[in-house]
Amino acid sequence: MKMTRWSKVILGTLLGGLILFHPGVDLPKLFYTNLTASIPRGLYLVIPCTTLRDGDIVVYRPTDATFCYAKEKGYGPKTLNPEYLLIKKIGALPRETYQVVQGTDDFYANGQFIGQAQKHDPMGNELPVQYGTHTVPQDSFLPIGTNPLSFDGRYEGTVPMDHILARVVPILLID
């Protein structure tokens with residue numbers, strides 16, 4: 001018995017639905033949304049990655065210290081939970097340097113000016129600026145945002161590489 005084109009479409013849809021919605025199937029996530037101003041808001045597509053480079057955009061779990069600080073200060077959604085993820089650019093990789101200059105508050109990654117570190121957030125809370133010159137430890141990276149008010153490496157420091165869940169590229173931006 002030969003299947004018609006529509007029969008194949010219907011059968012494929014049914015089988016695909018069974019696979020996608022079967023409770024025992026754990027499929028990888030293909031998209032992430034960013035609704036914060038740290039980098040442009042929008043929809044990001046997961047892309048395969050074997051090697052990370054400065055400037056790549058990654059989705060990662062914040063460190064426990066960053067999560068607790070963000071929750072305490074009211075950053076992120078009102079229902080901030082341990083599954084909360086961040087999307088930022090990689091500003092520096094292992095053995096590369098970053099610096100926040102005391103006095104000018106200039107923030108550099110690998111000698112490139114990124115922006116100013118702020119002493120206080122928009123709500124008046126003092127920020128934990130990482131003054132001095134630092135070398136990114138092995139198996140870590142420095143997250144940076146493109147927004148001058150982004151809570152990123154200038155305040156949180158480095159993040160372990162094993163916190164990275166995906167490398168992404170923007171596909172639909174609303175900013």
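The values are calculated or read from the model by the stated rules, or taken from the named source; none is laboratory data. If you're wondering where the values come from, they're calculated on a predicted model, not measured in any experiment. All Cβ positions, even for glycine, are placed from backbone atoms using ideal geometry, and neighbour counts span all protein chains on display. Remember, those area values only see protein heavy atoms, side chains included, never the ligands or the DNA or RNA. Shrake-Rupley method; radii C 1.70, N 1.55, O 1.52, S 1.80 Å.
Among the residues of region 42-74, those that are open to solvent by less than 40 Å² (accessible area, probe 1.4 Å) and touching a helix residue (DSSP H, G or I) at 6+ places or on another chain (Cβ under 6 Å) comprise Tyr60, Thr66.
Per the conditions (1) more than 20 Å from the chain's Cα centre (by Cα); (2) among the charged types (D, E, K, R); (3) closer than 28 Å to Leu43 by Cβ, the sole criterion not satisfied by Glu156 is (1). When restricted to residues that are assigned to a loop (DSSP other than H, G, I, E, B) and open to solvent by 20 Å² or more (accessible area, probe 1.4 Å), region 97-113 contains 6. Applying a threshold of 8 Å to beta carbon distances and a minimum spacing of six or more residues, or different chains, the list of pairs starting in region 153-166 at a residue that is touching a residue at least 60 places away in the same chain (Cβ under 8 Å) and ending at one that is surrounded by fewer than 22 Cβ atoms within 10 Å (Cβ to Cβ) and among the aromatic types (Phe, Trp, Tyr) reads Glu156/Tyr69; Val159/Tyr60; His163/Tyr60; Ile164/Tyr60; Leu165/Tyr60; Ala166/Tyr32.
Run Pro94 past the list (1) closer than 16 Å to Gly157 by Cβ; (2) at pLDDT 95 or above; (3) crowded, with 17+ Cβ neighbours inside 10 Å and report the number of the one that doesn't hold. Single failed check for Pro94: (3). Of note, Tyr69 does not satisfy the criterion of being over 26 Å from Leu173 (Cα atoms), hydroxyl-bearing (Ser, Thr, Tyr) and free of Cβ contacts under 8 Å to residues at least 40 places away in the same chain.
Among the residues of region 114-171, those identified as among the aliphatic types (A, V, I, L, M), open to solvent by 70 Å² or more (accessible area, probe 1.4 Å) and part of a loop (DSSP other than H, G, I, E, B) are Met123, Leu149.
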